[in-house]
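Nothing in this text is a laboratory measurement; each read-out follows from the coordinates by a stated rule. What you see is a predicted model; the values in this text were computed from it and never measured. No Cβ is skipped: glycine too gets one built from the backbone with ideal geometry, and neighbour counts run over all protein chains shown.
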Amino acid sequence: MNHKDEKSFFTGTARPFTDKDLIQSGAYTQHKAPFSQTMNHPAVSLVLPVYNEAESLERFFNTVFSIMNLLPYTYEFIFIDDGSSDSSWDILTMLAHKNPQVKVIQLSRNFGHQIALTAGYDYASGDAIISMDTDLQHPPELIPQLLEKWQSGYNIVYARKRNNEESFLKKYTSILYYKLLQSISSIIIPEKVADFRLIDRETHDHMQKYRGKTRYLRGLVSWTGLSFTFVDFTCQKRTAGTSGYSLKKMFSLAWDGITTFSTLPLNLSLYMGFLMLFIFPWLILWIEPSFGLAALYCTTNMTFFFIWILGAYISRIHQGELGLSLYIVQSTINLHSY
């Protein structure tokens, strides 16, 4: 995309926010001065992973830009291009050239949503850090409310979905997953929250100490145990493009959450071993030998299943021992080296 083809990025279709809107939203109530407000150290960092979002990027930027300009904070946009194959990088480049607050990180390939968020956190320098998607399903209008809750003293402010328009299967498997994770781990991850949230500098610094390859950030945020609250919102329909989260990626993320914050899957083999120790003799000697053979068949299959679970944990150790970087930055705009 040539610069001569550039057009204004301040002519989006979203209605600009007014002071009246922000007063009604509570953004100006109980306001305290941020810890620091200079261009070198902004009060608010917006961490924004991008993967093939060219169709919605301009509209997203226009909307958020109009909101942030009416708030009493200095701020920075940190876009992370996670190996996009469309024109996302070209659009981000032009945005950064026109606006010094826009900072862009281009990763060398698609490392995944959680790694892209991690890269953004690595470069974020604000006292409050807001992460959100750029497809406009996470409403930018919620930003003033997130900041208001932060100003009232909370370390973490989750944006929680009020509605759920997902399929029946996805909706209830999600509910079961969070209940399972909470029952087998020592942390409590709130339901109906994703990666749309605000964290303060203290939370950020604690999270930065963990550099494992397995990234389950919503679990890592909960692990800190710092104070949190919620702001409810209605999830919007995607206006352009398609979701980058396939069923395979969602399963992988869910499995990362379990293996990162629980060792119960490893202990299940012990429980099954004790169970079979007492059931086998009873089935073979007192019931029916054929039942014992059926149980042996099931146990053999369960053994392979537990070997797979053990391998999953070992593979995480192996990945850590390789010593590879979490990601590779190909280029940056308006940013110093991390």
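State, as an integer percentage, the relative contact order of the range 42-138 based on alpha-carbon contacts under 8 Å between residues 6 or more apart.
46 percent
Shape of the range 51-102 from its Cα gyration tensor (a ≥ b ≥ c, root eigenvalues): rounded if a/c is under 1.5, otherwise prolate when a/b > b/c, or oblate?
prolate
Within a 10 angstrom radius of the beta carbon, how do LEU324, LEU268, LEU136 rank from fewest other beta carbons to most?
Details: LEU324 10, LEU268 15, LEU136 20.
Going from sparsest to densest Cβ surroundings: LEU324, LEU268, LEU136.
Longer than 29 Å from Cα to Cα, which of LYS98/LYS213; LYS98/LYS192; LYS103/LYS237; LYS209/LYS237 are they? Say none if no pair is.
With Cα atoms farther than 29 Å apart: LYS98/LYS213; LYS98/LYS192; LYS209/LYS237.
Which values of log₁₀ I(q)/I(0), to two decimal places, follow from the Debye formula for the range 81-189 at q = 0.15, 0.18, 0.19 Å⁻¹ with a uniform point scatterer at every Cα?
Treating every Cα as an identical point scatterer, log10 I(q)/I(0) equals -0.97, -1.26, -1.31.
Which order results if MET132, MET272, MET94 are arranged by neighbouring Cβ count within 10 Å, fewest first? The partial results should precede the final answer.
On the way: MET132 25, MET272 15, MET94 19.
Ordered by Cβ neighbours within 10 Å, fewest first: MET272, MET94, MET132.
Where does each of CYS298, CYS235 land when they are ranked from fewest to most other beta-carbon atoms within 10 angstrom?
CYS298, CYS235
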